[in-house]
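See structure below.
Taken together, the values in this text are just the output of simple stated rules run on the coordinates, not laboratory data. This is a predicted model, so every value here is computed, not measured. Neighbour counts run over all protein chains shown; Cβ positions are idealised from the backbone, glycine included.
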Amino acid sequence: MVTRKDFPSDFVWGSSTASYQIEGAHDQDGRGLSIWDAFSHTPGKILNGETGDVTCDHYHRYREDCALMKQAGFTAYRFSTSWSRVMPEGRGAVNEAGLDFYDRLVDELLANGVAPWVCLYHWDLPLALHENGLGWTSRDIVPLFADYAGLMAKRLGDRVTHWATINEPGVLAIMGYVFGIHAPGISDYGAWLDMAHNLNLSHGAAVRRLRADLPGTAKVGAVPNIQPVVPASDTEADRHAAALLDAAWNRAFADPVYLGAYDPLMRRQLGDRVRPGDEEAIHTKLDFFGLNHYSPNYAAAADNDFGWRMTEPPPGVETTLMGWHVSPDAFRDTLIHVSKTYGCPIYVTENGVADEAVPGPDGKVDDPIRVHFLDRYLGALVEARAAGADVRGYLVWSMMDNFEWAMGYKTRFGITHVDFKTQKRTPKASYHWLASLTGANGTG
Ligand code: GCO
C-alpha cells in the first residue's frame, strides 16, 4: 500500500466533479437547458430512463459537500460551471442567480481551505446554441465560448487560481459525435471533424480571454483524457486502426493545444477546415496538463469513415464494472509519456473506478474494489515520478456518486456514497483511506 511518505509534502490532493453530473436544480433560478437535459429526457438514451434533473442536489447541498472535502484533507476541487446556468441561451443575457451560485460555492470552498479549480466546459452545451446552429459543429461558437470564459473570469477570477477550458475533448467528441451515445447523439464523420477543430479553436480563444481578464498569477490549462491505444491484433490493419484512434482520442487535442500542430493523421483528415493561422490560434502557453486517465483503449480496423472501432480488452485481464482494463502500468507509462511529450506539470484531474457499493447493516460503505484500485494506481504514479514525470497532484474521480451519463446511477464512482432518494452522503472506506494519505485522519 502507498503511504503518505511516498508523496512530496506539497503534493495536491483533491477531487473532481462536473456540473450536469452533480448539481441538479436543472430548471431552477433561471438556468437554461443544456444538450444533456434534452438528451437525458429522450427515451432510450439513459439506462432506466434516469436524468440529471436532481442527481446529487449539489446546487443546494454544496456546503455539506465542501465540508466533506475539508474533512478528507483535500486542498483542491475541480468542478465545472454550467454555461447555461449563467447564460441561459449561451449568449447574450446573463443569469445573475447562476453566477451567484458559483460565487457562493467558491467562497464556501475557500472557507474550508479547498482551492476552487474551475473547468469551464464539462459537456453541457447550452441547448439554445445547439438548436440555433451555433453548437460545436459551427465555427461561430468560438467567440461565444470566449465570452463565457470572460464572464466567469471577471466574476470568479479574484479567488479562483486554476482554470481549465474543456474537459476531455476527445471523449466528448467521440461519445457525442462518433458513437452518438452521449449528447447530442450524433454519429457523423464530417460533424466530428468540424467540432473537433472548433473545440480546439474555442480552447485557444478562451485561454486568451482568461489571460486578459485574470490576474497574472492565474494558472490556465486543459484537461485531455490520454489513454494508450492497443491494436486488437498485430495485423497492419489493426495497428493502423489503433494509430487512427490514438489520433482521434488523444492527439487531436493535446498536440495542437500543447505542441502547436496537429499530428499528420488528424491534419490530413481535417483538410481545409484548418485555415491559415488556426494552429497558432489554438496554441498558447499553458501552466498545467490536467490528465484524465482510466485504462488502455483497444482498437481494430473497421469498414467505416473513421477507420477504427473500439474493442473489448483481451480475455482474462482484470476489468472494472464499466468493462475497462485495470492497468496501473498503463497509467504509469501514460504519465511518463505525457510529461516527456507535452512538457507541462501534470495534475491528474480524473482517475477512479466504478462499483455498486452501498451502505451495509452498520451504515458504513465498504468499497474494497476502489481502495485496491486507487492504491495500485497511486503506486504507479509514484513510479512515474521516480522515473522523472512531473506529476504534482491527484484529484480523484469522483468526490461523490453522481450521474454517470448514459449509465445513469448504476455505476458509482464516488468516494462518498449518495443515497439519491434521501440525498444522504456517506463517506466510503476509500474516502477514509485517502484521508490517511492526505494526513487528515492522522494515520498513513
Ligand atoms: C469522463 C468524464 C466523467 C466521467 C468519468 C467516469 O471521463 O467520461 O470526465 O464525467 O463520469 O470519467 O466515466
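Relative contact order of segment 25-70, please, whole-number percent, based on alpha carbon pairs below 8 angstrom and at least 6 residues apart. List each step's numbers first, then the result.
Details: 25 pairs, mean separation 15.6, N = 46.
Computed over segment 25-70, the figure is 34 percent.
3J(HN,Hα) along segment 240-255: 5, 4, 5, 5, 5, 5, 4, 5, 6, 7, 9, 7, 4, 10, 4, 5 Hz, from the Karplus curve 6.51 cos²θ - 1.76 cosθ + 1.60 with θ = phi - 60°, whole Hz, x for Gly and Pro.
Annotation: amide H of residue 117 within the under-5 Å range of 77, 78, 79, sequence separation 5 or more or interchain, hydrogens built in the peptide plane. Along segment 297-309 the Karplus relation, 6.51 cos²θ - 1.76 cosθ + 1.60 evaluated at θ = phi - 60°, assigns HN-Hα couplings of 9, 10, 9, 9, 5, 8, 8, 9, 4, 6, x, 8, 9 Hz to successive residues, with x for each Gly and Pro. Fully extending the segment from residue 441 to residue 317, taken as 0.36 nm per residue of separation minus the present Cα-Cα distance, adds 41.2 nm.
Given a cut-off of 26 Å, name the pairs among 5/428; 70/340; 154/285; 219/340 whose C-alpha atoms lie farther apart than that in the structure shown. Don't skip to the end; give the middle numbers.
Numbers: 5/428 23 Å; 70/340 33 Å; 154/285 21 Å; 219/340 20 Å.
Beyond 26 Å between Cα atoms: 70/340.
Each DSSP beta bridge with both residues in segment 70-200 is either parallel or antiparallel, and the antiparallel ones are about 0%. Put simply, the amide H of residue 168, placed in the peptide plane, has neighbours under 5 Å in 223, 225, leaving out anything fewer than 5 places away on its chain.
In the chain, a dipole from Cβ-located charges (positive for Lys and Arg, negative for Asp and Glu) runs towards its positive end, and of 69, 352, 170 it is 69 whose Cα lies farthest in that direction. Amide hydrogen proximity for residue 299: with H placed 1.01 Å from N in the peptide plane, the residues at 5 or more positions away or on another chain lying under 5 Å are 230, 232, 311.
What number comes out for the charge environment of residue 285, summing +1 per Lys or Arg and -1 per Asp or Glu over other residues with Cβ under 14 Å away?
Working: positive: 208, 211, 219; negative: 280, 287.
Here the count lands on +1.
This model, with +1 at the C-beta of Lys and Arg and -1 at the C-beta of Asp and Glu, gives segment 30-135 a dipole about its Cα centre of some 220 debye.
Roughly what % of DSSP beta bridges within the chain run antiparallel, to the nearest 5? Here the antiparallel bridges make up roughly 20 percent for the chain. Two decimals is fine: what is log10 I(q)/I(0) at q = 0.10, 0.11, 0.13 Å⁻¹ for the chain, from a Debye sum with one equal scatterer on every Cα and no solvent? With no solvent term, the Cα-only Debye profile gives -0.66, -0.82, -1.21.
Shape class for segment 284-391, computed from the alpha carbon gyration tensor (a ≥ b ≥ c): oblate, with a/c not under 1.5 and a/b at or below b/c. Charges were assigned to the Cβ only: +1 to each Lys and Arg, -1 to each Asp and Glu. The resulting dipole of the chain about its Cα centre is roughly 980 debye. Computed about the Cα centre, the dipole magnitude for segment 1-92 is approximately 320 debye when only Lys and Arg (+1) and Asp and Glu (-1) carry charge, each at its Cβ. Taking θ as phi - 60° and the Karplus parameters 6.51, -1.76 and 1.60, the scalar couplings of segment 345-351 work out to x, 9, 10, 6, 9, 7, 6 Hz in sequence order, x denoting glycine and proline.
List the trypsin sites (Lys or Arg not before Pro) within segment 340-444 that DSSP assigns to loop and that have no more than 10 neighbouring Cβ atoms inside 10 Å.
Values: sites: 340, 364, 370, 376, 385, 392, 410, 412, 421, 424, 425, 428; in loops: 364, 410, 421.
Passing sites in segment 340-444 are 421.
Provide the gained length on full extension for the span residue 93 to residue 268, in nm with one decimal, where the gain is 0.36 nm per separating residue minus the Cα-Cα distance. Mind showing how you got there, number by number?
Numbers: separation 175, 0.36 × 175 = 63.00 nm, distance 3.93 nm.
Result: 59.1 nm gained on full extension.
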